[in-house]
Amino acid sequence: MKEVPLSTCERTSLVSSIHAGLRYDHRKFMEVRDITLNFGKDFGSCSATLGETRVLAQVTCEVVEPRPSRPNEGKLSIAVHLSPMAAPHLEPGRTNDIVDELQQILDRNIKESRCLDLESLCIQAEESVWQLRLDVTVLNHAGNLGDACNLASVAALRHFHRPDVTVEADGRVTVHTLEERQPIPTFMRKVPVCLTYAFFMEGEHCITVMDPTEQEERVMCGRLVVGLNPHGEITSLLFPGRMMMEKETLLSCIRKAFTKAKSVAETVQQAVEDDLTQRKTVSVKPRGYEVKNLRSDTDYNRWLIDQRVDKRKLMIEENVMPMEEEMQDPFEANVQQPEDSEDSDVNPPATSSKTPLGPSSHKKKKKESVMANGSEEEGDEEEEEVKSKLTAEDLL
Amino acid sequence: MVFALGCDALLTAPRPRLLAVLPPPASAWATCYTRLLVLNVTTFDLLASTLTTRCYPPHRGPPEEDRVTQGGGVEAVRVVLPGDTVMHYNTETSTERIFLGPGLRWEDGMVRAAKPGLLKKTQRQLYFVDTHQKRYIPQRREYVIGIVTKKKGDAHRVDIGCGEDATISYLSFENASKKTRRYLNLGDLLYGQLMVANKDMEPELVCIDIYDQACGMGVLPPGGVLFNVSLHVAREIINPHSPFLLTMSQKVKYTLVVGMNGRVWVNTTHQKDTVAIMNCILMLEHMSPEEADGKALRVLEALML
């Protein structure tokens, strides 16, 4: 099926609303959608969601012969699958620009950055090594596939355990089942993070928006995909689109990306460790996929709506009692919450009403965005006051 | 007149009139047998409330007790898959009078399901399959919003969200003649009615009614926001019984155009309000109409900050 054409109305209204400082989903320009990571019962299967974008990554392993040029290194192959399930206009089995781009991003971020210790995958030099195969399937395309695919793949690779092997003196290799011996985790030194910025030109001025949705991706002038890790290394840089940009804008984006990357990497590490420790205590049999933890889009959207209404309530209370201490409270409360809601990655959103998703990173994001947009926010608040007065008069 | 409810007429109409459901003209029924009525989606939606309760004169509106019980009396029979036999029905031998709604087909004396979903039945023997779907299947006489994609001789190609593009002749606009022809730009939005829609021909749009009046149809003005919703949400919005639009209008003044193909166009004086209304309508995707209606004002307030 062909892609639905973009009407002039959609294009102009989205651009003008971005110029007016408003995104369709009411996010701040530098705000990222919520990240959740869910792990299957199997080792190395992870589904990541970024807002409504949903990606499933699965790692499998087999014993193969090593490359003659690198006799003591394991292999890693990455395959990206896009089907009409992700978006109806994508055709199955055929490579298109999106698949190529995703493949390139993942190859550079994960394979070429050498974040995975491939030498530990060697069983017998020149004889046999482990080959890890990473299959990334996009389940729903709602913008920013690069980030989502990267998240899912990294989490899956960190989560993956391969079966233990013993090599006997005469060169016989025994692969032990997972029940016989404790499986061995993959060794990943660094956590590669991928971040996407979309640019909208307004004359000479350039507006930068983080984590674009599908609609924004169709309208934007250009885009910057940075692959980096919290250790200060840039692993990939992709800058498609026909636009010119000043060096400073690009550099400031990358600088911001480094601070952001830290929190994202922590989220991933935390989520993987949580799941692995839980696995040890409950001793989950590694088979199949557990559906219980998956977050439904409906629940997520309802949660978003409720959040917005609650925020509004907070603001009303502030207006009623305009004390300075009260004004600071909500942000402090937000920062304090992560400790008690750390386990909420595991809980479905319906059960825990307060902060059901990806909590720690989410809260940190808020704090950052508050710091970054501090000056802008003051201006906004003035406008808001004027607006509220106007609406009140209208109602009378 | 009934069909104009999809457009501005719905918002300008005074409240009591909104509750009146007019029985559609007989010609609007897709197929009409003596005791068996097969309804298409549009007629079904307009008829459904009538059939579940009682027929009443159009100018008076439903009596008070009907408004309370509307939508009641619907019984979910079972889950059906395409091809499942629902019942045997022969127009000559069966005496019972039944209505078939969308998702059901009558062939060779058998009623079969054509869509997967929940088979429902009302007290007045109206059967239909309740399904949630996003892909639009064109139906004659339905109002849709299209995007102009191509100029082709004396016609334009318009994307209406179904498998095939629709065409619209440059003459099928109000006051259009060969000399005063209407120029459409690529990417323009059109609100029109489907004249031809069947599985063997490409759909054809018009922007006039039988009296050559535009009646709210035509090219949508610049500005505003276009977004997509599921088909059942689009029908829910223009349901004359649904108070959702009126609830929102207590807060903001807006113009809304709903196409049966799931495209909705909203415009207000401020961009901020437009986006708020959009998000408020999108809320219907995730909750029941009653719940959304209860939350609408609070959400709007929060979004318009």
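The values are calculated or read from the model by the stated rules, or taken from the named source; none is laboratory data. These figures come from a predicted structure and were not determined experimentally. Neighbour counts are summed over all protein chains in view; Cβ atoms, including those assigned to glycine, are modelled from backbone coordinates with ideal geometry. Each accessible area value is taken on the protein alone, full model and side chains, heavy atoms only, with ligands, DNA and RNA left out. Shrake-Rupley method; radii C 1.70, N 1.55, O 1.52, S 1.80 Å.
If B:GLU285 satisfies every condition in (1) more than 11 Å from chain A (Cβ to nearest Cβ); (2) out of contact with any strand residue (DSSP E or B) (no Cβ under 6 Å at 6 or more places or on another chain); (3) not aliphatic (A, V, I, L, M) but one, which is the exception?
Status for B:GLU285: all satisfied but (1).
Residue under question is A:LEU56, and the condition is that it be closer than 30 Å to A:GLU202 by Cβ, modelled with pLDDT of 90 or more and not in a loop (DSSP other than H, G, I, E, B); does it hold?
Values: closer than 30 Å to A:GLU202 by Cβ: no; modelled with pLDDT of 90 or more: yes; not in a loop (DSSP other than H, G, I, E, B): yes.
In short, no.
Are any residues in segment A:1-26 surrounded by fewer than 18 Cβ atoms within 10 Å (Cβ to Cβ) and more than 8 Å from chain B (Cβ to nearest Cβ), and if so, which ones?
A:LYS2, A:GLU3, A:HIS19, A:GLY21 - these are the residues of segment A:1-26 that are surrounded by fewer than 18 Cβ atoms within 10 Å (Cβ to Cβ) and more than 8 Å from chain B (Cβ to nearest Cβ).
Give the residue that is nearest to the other protein chains (Cβ to nearest Cβ), with candidates limited to residues of segment B:246-276 that are in a helix (DSSP H, G or I), in contact with a Lys or Arg (Cβ under 9 Å, 6 or more places away or on another chain) and under 25 Å from B:LEU190 (Cβ atoms). Quick ask: steps written out before the conclusion?
Restricting attention to segment B:246-276, the residues satisfying the condition of being in a helix (DSSP H, G or I) are B:246-249, B:271-276.
Checking the rest, the ones that are also in contact with a Lys or Arg (Cβ under 9 Å, 6 or more places away or on another chain) come to B:246, B:272-273, B:275-276.
Retained after the next criterion (residues that are under 25 Å from B:LEU190 (Cβ atoms)): B:273, B:275.
On the way: B:ASP273: 10, B:VAL275: 6 Å.
Result: B:VAL275.
Can you tell me which residues in segment A:27-48 are among the hydrophobic types (A, V, I, L, M, F, W, C) and either within 14 Å of chain B (Cβ to nearest Cβ) or crowded, with 19+ Cβ neighbours inside 10 Å (or both)? Full working, then the answer.
At the first step, the residues of segment A:27-48 found to be among the hydrophobic types (A, V, I, L, M, F, W, C) are A:29-30, A:32, A:35, A:37, A:39, A:43, A:46, A:48.
Residues satisfying the conditions are A:PHE29, A:VAL32, A:ILE35, A:LEU37, A:PHE39, A:PHE43, A:CYS46, A:ALA48.
Out of all the residues in segment B:184-209, which are within 14 Å of chain A (Cβ to nearest Cβ) and free of Cβ contacts under 8 Å to residues at least 40 places away in the same chain? Before the answer, list the steps.
Keep residues of segment B:184-209 that are within 14 Å of chain A (Cβ to nearest Cβ), which gives B:184-191.
B:LEU184, B:ASN185, B:LEU186, listed by residue number.
Before we move on, is A:LEU151 under 23 Å from A:ASP34 (Cα atoms), open to solvent by less than 10 Å² (accessible area, probe 1.4 Å), in the same structural domain as A:ILE78 (by TED's automatic domain parsing) and not aromatic (Phe, Trp, Tyr)?
No.
Looking at (1) over 24 Å from B:ILE210 (Cβ atoms); (2) open to solvent by 30 Å² or more (accessible area, probe 1.4 Å); (3) in a loop (DSSP other than H, G, I, E, B), which is the one condition that is false for B:GLY161?
Checking B:GLY161 against (1) over 24 Å from B:ILE210 (Cβ atoms); (2) open to solvent by 30 Å² or more (accessible area, probe 1.4 Å); (3) in a loop (DSSP other than H, G, I, E, B), the one that fails is (2).
Of the numbered conditions (1) modelled with pLDDT under 90; (2) within 30 Å of A:GLU214 (Cα to Cα); (3) open to solvent by 20 Å² or more (accessible area, probe 1.4 Å); (4) hydrophobic (A, V, I, L, M, F, W, C), B:CYS215 satisfies every one except a single condition; which is it?
So the condition that B:CYS215 fails would be (2).
Looking only at segment A:149-175, filter to residues that are in a loop (DSSP other than H, G, I, E, B) and out of contact with any Pro (no Cβ under 6 Å at 6 or more places or on another chain); which one of those is nearest to A:SER16 (Cα to Cα)?
Of all residues in segment A:149-175, those in a loop (DSSP other than H, G, I, E, B) come to A:160, A:163-164, A:168-172.
Now drop any that are not out of contact with any Pro (no Cβ under 6 Å at 6 or more places or on another chain), which leaves A:160, A:164, A:168-172.
Details: A:PHE160: 45, A:ASP164: 58, A:GLU168: 69, A:ALA169: 72, A:ASP170: 72, A:GLY171: 69, A:ARG172: 68 Å.
Among them, the one singled out is A:PHE160.
Checking the structure you have, find out if any residue of segment B:126-134 is within 13 Å of another protein chain (Cβ to nearest Cβ), open to solvent by less than 70 Å² (accessible area, probe 1.4 Å), farther than 14 Å from A:PRO5 by Cα and in a strand (DSSP E or B).
There is no residue in segment B:126-134 that is within 13 Å of another protein chain (Cβ to nearest Cβ), open to solvent by less than 70 Å² (accessible area, probe 1.4 Å), farther than 14 Å from A:PRO5 by Cα and in a strand (DSSP E or B).
Within segment B:89-104, how many residues are free of Cβ contacts under 8 Å to residues at least 40 places away in the same chain and open to solvent by 20 Å² or more (accessible area, probe 1.4 Å)?
Looking only at that region, the number is 3.
Report, ordered by the first and then the second residue, all pairs with beta carbons closer than 6 Å, sequence separation of six or more or different chains, a first member in segment A:49-66 that is open to solvent by 10 Å² or more (accessible area, probe 1.4 Å), and a second member that is aromatic (Phe, Trp, Tyr).
Within 6 Å, the pairs are A:CYS61/A:TRP130.
I'm trying to understand the selection: among the residues of segment B:168-190, which are part of a loop (DSSP other than H, G, I, E, B) and either touching a Ser or Thr at 6+ places or on another chain (Cβ under 8 Å) or of a type in the set (A, V, I, L, M) (or both)? Don't jump to the end; show me each part of the working.
To start, the set of residues in segment B:168-190 that are part of a loop (DSSP other than H, G, I, E, B) comprises B:170-188.
Within segment B:168-190, B:LEU171, B:ALA176, B:LEU184, B:ASN185, B:LEU186, B:GLY187, B:ASP188 qualify.
If B:ASN239 passes every condition in (1) within 14 Å of chain A (Cβ to nearest Cβ); (2) under 27 Å from B:ASN279 (Cβ atoms) but one, which one does it miss?
For B:ASN239, the exception is condition (1).
Answer yes if at least one residue in segment B:214-225 is over 27 Å from B:ALA166 (Cβ atoms), within 14 Å of chain A (Cβ to nearest Cβ) and free of Cβ contacts under 8 Å to residues at least 12 places away in the same chain, and no otherwise. Walk me through it before giving the result.
If we filter segment B:214-225 for residues that are over 27 Å from B:ALA166 (Cβ atoms), which is where we start, we get none.
Scanning segment B:214-225, I find no residue that is over 27 Å from B:ALA166 (Cβ atoms), within 14 Å of chain A (Cβ to nearest Cβ) and free of Cβ contacts under 8 Å to residues at least 12 places away in the same chain, so the answer is no.
Please find, within segment B:235-259, the residue that is farthest from the chain's Cα centre (by Cα) out of those that are modelled with pLDDT under 90 and closer than 22 Å to B:LEU205 by Cα.
Ranking the qualifying residues of segment B:235-259, first place goes to B:ILE238.
Looking at B:LYS151 and the list (1) assigned to a strand (DSSP E or B); (2) within 26 Å of B:PRO82 (Cα to Cα), which single condition is not satisfied?
Checking B:LYS151 against (1) assigned to a strand (DSSP E or B); (2) within 26 Å of B:PRO82 (Cα to Cα), the one that fails is (2).
Which condition number in (1) on the phi > 0 side of the Ramachandran plot; (2) open to solvent by 70 Å² or more (accessible area, probe 1.4 Å) is the one that A:GLU119 fails?
Result: A:GLU119 fails condition (1) only.
One residue is enough: does segment A:248-258 have a residue meeting the conditions surrounded by 13 or more Cβ atoms within 10 Å (Cβ to Cβ) and over 20 Å from the mean Cα position of the chain (by Cα)? Give the derivation first.
Taking segment A:248-258 first, the residues surrounded by 13 or more Cβ atoms within 10 Å (Cβ to Cβ) are A:249-250, A:253-254, A:256-258.
Filter once more, so that each one left must be over 20 Å from the mean Cα position of the chain (by Cα): A:249-250.
Looking for residues that are surrounded by 13 or more Cβ atoms within 10 Å (Cβ to Cβ) and over 20 Å from the mean Cα position of the chain (by Cα), one finds at least one in segment A:248-258, hence yes.
Inside segment A:189-209, can you point out the residues that are open to solvent by less than 20 Å² (accessible area, probe 1.4 Å) and touching an Asp or Glu at 6+ places or on another chain (Cβ under 7 Å)?
Correct list: A:CYS194, A:LEU195, A:THR196, A:ALA198, A:VAL209.
With the condition kept exactly as written, say whether any residue in segment A:86-95 is in a helix (DSSP H, G or I), under 23 Å from the mean Cα position of the chain (by Cα) and either away from chain B (no Cβ under 13 Å) or over 29 Å from A:GLU233 (Cα atoms) (or both). Walk me through how you get there before you give the answer.
Taking segment A:86-95 as the starting set, the residues that turn out to be in a helix (DSSP H, G or I) are none.
The answer is no; no qualifying residue exists.
Within segment A:238-255, does at least one residue satisfy the condition of being touching a His at 6+ places or on another chain (Cβ under 6 Å) and in a helix (DSSP H, G or I)? Explain how you work it out, then say what you get.
Let us first name the residues in segment A:238-255 that are touching a His at 6+ places or on another chain (Cβ under 6 Å), namely none.
Within segment A:238-255, not a single residue is touching a His at 6+ places or on another chain (Cβ under 6 Å) and in a helix (DSSP H, G or I).
When you scan segment B:196-206, do you find a residue that is in a loop (DSSP other than H, G, I, E, B) and touching a strand residue (DSSP E or B) at 6+ places or on another chain (Cβ under 9 Å), even just one?
We begin by selecting, within segment B:196-206, every residue in a loop (DSSP other than H, G, I, E, B); these are B:199-200.
Okay, now just the ones that are also touching a strand residue (DSSP E or B) at 6+ places or on another chain (Cβ under 9 Å), so none.
For segment B:196-206, residues in a loop (DSSP other than H, G, I, E, B) and touching a strand residue (DSSP E or B) at 6+ places or on another chain (Cβ under 9 Å): absent.
Given (1) of a type in the set (D, E, K, R); (2) open to solvent by less than 60 Å² (accessible area, probe 1.4 Å); (3) modelled with pLDDT of 90 or more, where does A:LYS262 come up short, assuming only one miss?
(2)
Check B:ARG141 against each of (1) away from every other protein chain (no Cβ under 14 Å); (2) more than 22 Å from B:VAL258 (Cα to Cα) and name the one condition it does not meet.
The failed condition is (2).
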